[in-house]
1. Calculate, for ILE211 and THR132, the FRET efficiency according to 1/(1 + (r/R0)^6) with r their C-beta to C-beta distance and R0 22 Å; round to the nearest 0.05.
2. Rounded to whole Hz and in sequence order, give me ³J(HN,Hα) for the range 148-158 from the Karplus expression 6.51 cos²θ - 1.76 cosθ + 1.60, θ = phi - 60°, writing x for Gly and Pro.
Amino acid sequence: MDNDRIIKYLKEVCQTPEPENKEVFFQRLEERGLTSGRPVVINHGDFLLRQFPYIGKWIWLLSSFLLLFIIGICYGNTGNYPFALTPLLAIGILIETRRSFRWKMAELEHSARFSLRSVMLARMFLVGAVETAGLLIVILLVQPWFSYSVIRISLYMLVPYLTASLVGSVYERNNRSDNAWGSVIICILSSAFFAAAPYYLSIMYEERFTIIWMVAFILLVLSLGISVRRWICDMEGPVWSL
């Protein structure tokens, strides 16, 4: 069966009803000046700011709670385990990256004015930037309570966060699941690993191993950048399997 016959057959089988109030709809578009001219150009700053309302409020609430919780724990006890809470911050950004796929809206959003790739990159940037800025503020606040330098505290908090983000990004890129439990479990396991590690590797927080933490930080940043780049390429592909 050739394409013309398939198209004809589909038209016969799938007859769509005539749209109601079509003239009224186009009249309203003309009154608002939306039928002529190109859409208003939006710069990058406005585009980013317009994405804030679409990011789930629970993400900001979770991030704020975790950051305040870390401050509270550091104030009461300056042990190593407060650093293990930072992987939980990655839950929000990981879940946000696949929201369109989980709600079966990716195909529609691929054809919108702003590509799904651009929108998701903007939201990932916003959530990541806000959470990183929050972590840096927490680091400056809790540093007087530790005998560690600012650099060491930064590494101890950012390395676990980047680890969960990297593993979670690889999982989200390769799995189009209908739920977000995979990312949640990854973040919880990452947090548990860094919480338990000092009891088995007590020397890991010694100053002489700071260089290893620095190397790990650099490798994680590079690996996360590569993972995001591959994710961008995947976003350009077809999504008809949804």
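Each reported figure results from applying straightforward, stated rules to the coordinates on display, with no laboratory input. None of the values given here were measured: they were computed from a predicted structure. We place every Cβ from the backbone using ideal geometry, glycine too, and count neighbours over all the protein chains shown.
1. Values: r = 22 Å, r/R0 = 1.02.
Computed FRET efficiency for ILE211 and THR132: 0.45.
2. Whole-Hz 3J(HN,Hα) from phi for the range 148-158: 7, 6, 4, 5, 5, 4, 4, 5, 5, 8, 7.
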